[in-house]
Every structure is written in C-alpha cells, then in structure tokens.
Amino acid sequence: MAERMSLTQAMHNMAMRNELKVLRLGTQGLTCTQVPDNHSDGYSLSEHEMTELCEALEMHEAGDCCPLQVLDLKAINIGDPAAVKLRNTLACLTGLVEINLDCCRIGYPNTLTHQTVNIAELLRSVHLEVINLKGNCLKTLKELPQCARLRVLNLSCCSLGDNLELVCRSLVSAQCINLEELTLSDNNLSELGFAASIELKNVLTINPKLRVLDLLGCELGGQDLKEVLKGLATCSLLNELNVCGNTVDDDLEGFVKVLRNVSNLQHLHLGMCGLFSASSMKQLGDALAECAALCTLKLMCNQFGDMGVQSLAHLLSRNSSIDHLVVHSCGAGQEGILALGLALQTRAKPKSGAHVRTCGSICACVCVCFCVCVCVCVRMCVSVCVYSIYTYIYVYIYIYVCVSHIYIYIYVYICTLRVPNKTTT
C-alpha cells in the first residue's frame, strides 16, 4: 500500500493546481493522529503535524494561487504548542473569511480557563465573516477578534451562562455591526441578570441586518426576555426567529410588537414557549395574520387547548402563506381539530381562476403512557386545472399513521384526463 502523503505534500499539490480555497482536515489525504479516549471523540494535531500544516499554509499564501478562504477544524483537538503555531499562521492568511472550530479543544489538557483564552488569542488577528465556536467553553472570554466583517456567529452550547455579559460587550467593542446570523442556542440563560440582558439587547440593536436569530433552549423569561425583545426593534429584516424553550408568554405584548415590525419573517419557531391560554393565542394570531411572508409556524408543546386551536384556525383562514404548521402536544380535542379542518377548507383561493384547489383534513391523536403517541391523520385534496383544450382532475388521499418516531405513509393517487374529440373533414 502506498504511503499517504504528508500535510505539506498534499497542500502543495493542490496549491499548484490553484485548487485550495477550502481546507477540511481529514479529506484530500490529509492525516492527523487519533486522540485518546479521554480527550473527546475527535482527532488531535501533534506539534509536528501542526508545524507541517502551518508551513504549507504560509507557502500557499506566499504563492500566486488563490488565497485560502475556509478553514474547517471541526472536532480537531489542538494542544497548547500547536495552538501557538496556528495563531501565528492565521494572522498571515489575508483571504480567510470562515473558520469552523465546532467541538474543538484548544490548548488541552490545560484547564477550561486556559482553553478559552487560547480561542480568543487564536482569532484575534483574523478578520473573518463566519465564525463557528459551537461546543467550546467560553466562560472567561473577554475579547473577541475584530468583527466589523463578521456576518455569521455560532455560539451554541458554549456554556455562556453568567458570562454572556462579557461576550456581548466584546462584540459591541469589536464593532460587530454587520451580523446576519446569530446562534445562541442551548445556553442556559435563565438567570441572565439585568446587566447581561441589556448587553444582549445592545448587540441586537446595532445589527439591523440580522436575518436569523436562534435562541433555542435559552430559557429566557420575565424581565430578561423583555429587554432582549426590545433589541429586535431595529431588526426589520429578520427572516427566521427561533425562540423554542423560552417563556414568550411572559412578555407576549413585546413579542407581538416584534412580529408587527418584521414584514419579511418566513420561519417562526415557538415550541415550548408557555402559551397556555386562548387569549394568548388570539393575540398572537392577530399579529401573525399580518405576516404576509410567513410560511413555517411551529407551536408544539404549548397546552393552549381547543380554544387556542380555534384561534389558530382563524389565523389560517386569514393568512394563506402558511404552508408548514406544527401543533402536536398542544391539548387539542375534537372541537379544535374540526375547526382546523374547516379552516383548511375555507382558506383563501389563488387569485388566478385557472387553478382551483380545495383541501380537507381530519386528524385524531391519542397519547398513552411512557410518552408514546399514536396519531392518525386522513387528508383529502382535490385539484381542478382548466386549460384551453384539457381538463385535469386530481384527487389525493393521504393517510398518516405515527407511533412515536415510526412513520407509515399510504398514498392514493387518482388522475383523470379528458381530451376533446378531434373533428376531421
């Protein structure tokens, strides 16, 4: 078996063909050492391998080839001496716009405090547009790199907790004003504190270009939630908002103001948001009726019952843009389900008279112990298309049976085609 090429050889060969714009370790014949079991499930780069990598990157940067744009080090563990070498090399990569440090371990086997300082130092001299720090502990991060060009920042699962105030303050001081996507999901912010919520509000306020905000599982509520929602007042371009796992009902009035301000909102995730009353659903439905671009609405695990479902049915009859709706585990009974079915039948028809479509749905859901859910849904759709010489009639019947996470789909498709008789002379 032929010996696999070294890091330097592999990168040099690609550079000579002007191909090296994206480097993902573990591909293109690049090798790295298996990390011991007690250092996580990734790989580690030894000091020798990092020296090879850095030399190859610097050689590539000094050549006439296209500059490296993306460096993906996902699940790569980088020891302390290797991290120093990488830091110095990154400062030389003038064309680098994206770095992925998802689930990396920087500076192991030192303490978490030393690790987080190394992450900041690693990126301090780089002007990036996309930074993924998912799964890295940022407990003592005091300074981020210059962020004037930063468009996408992922801080999911970063153990922010009480340290979000420092992170947000560093984003403001680093001139981070062009963010388009911000992910803070799976950080427990239930005890955020007023000062930290103010800092997060400031980050949102100075980023009017924000299109995606992910706060999944952050457990925000009360006064902290109110301050954060105030920050969205300037984010009129927001396209996707995920607040699943946050108690939105604590400041529903403020949340409704946000919805009325974001005319481009297409995807809204409101699962497990403490929406328990019919009045909350009515207030929310009135606001969503004005979201003409909304196509995805997720409301699972909110126990608003039949009255809440009826408010939702009223929303569907007023907003025909919603084509993806999730409402499981919401306490809906037969009355609410029938109201939804009727709303689907009476939804606004397309403006063109050439295509008429009617749909009806009847769904039943039964939950038993051990969190096993059995659902049966029957849906029937009829479409009639009339053209100059052809008439198409389509009948669709869907039967869905769901037991926990096992799905069975049965489709019945009927199509009839009527063609006018030809007359010959």
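Tabulated values for the structure
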| read-out | value |
| --- | --- |
| Count of residues meeting criterion [assigned to a loop (DSSP other than H, G, I, E, B) and either at pLDDT below 70 or within 18 Å of A196 (Cα to Cα) (or both)] in the range 138-163 | 15 |
| Residue that is surrounded by the fewest Cβ atoms within 10 Å (Cβ to Cβ), among those in the range 59-85 that are under 20 Å from E121 (Cα atoms) and in contact with a helix residue (DSSP H, G or I) (Cβ under 6 Å, 6 or more places away or on another chain) | P81 |
| Residues satisfying the stated conditions in the range 230-251, i.e. assigned to a helix (DSSP H, G or I) and surrounded by fewer than 22 Cβ atoms within 10 Å (Cβ to Cβ) | K230, A233, T234, D249, D250 |
| Filter result for L213 (open to solvent by less than 40 Å² (accessible area, probe 1.4 Å) and closer than 28 Å to E98 by Cα) | yes |
| Per-region count, the range 252-296, residues open to solvent by 10 Å² or more (accessible area, probe 1.4 Å) and in contact with a Gly (Cβ under 6 Å, 6 or more places away or on another chain) | 2 |
| Residue in the range 166-179 that is of a type outside the set (A, V, I, L, M, F, W, C), open to solvent by less than 10 Å² (accessible area, probe 1.4 Å), under 20 Å from the mean Cα position of the chain (by Cα) and at pLDDT 85 or above present | no |
| Those residues of the range 50-78 which are among the hydrophobic types (A, V, I, L, M, F, W, C) and within 16 Å of N132 (Cβ to Cβ), in sequence order | V70, L71, L73, A75, I76, I78 |
| Index of the failed condition, L284 passing every other in (1) part of a helix (DSSP H, G or I); (2) under 19 Å from the mean Cα position of the chain (by Cα); (3) within 24 Å of A343 (Cβ to Cβ) | (2) |
| Any hit, the range 277-290, residues being farther than 23 Å from K226 by Cα and of a type in the set (D, E) | no |
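The values are calculated or read from the model by the stated rules, or taken from the named source; none is laboratory data. Quick caveat, the model's predicted, so the values are computed rather than measured. Note that we place each Cβ from the backbone using ideal geometry, even for glycine, and neighbour counts take in every protein chain shown. Each accessible area value is taken on the protein alone, full model and side chains, heavy atoms only, with ligands, DNA and RNA left out. Shrake-Rupley method; radii C 1.70, N 1.55, O 1.52, S 1.80 Å.
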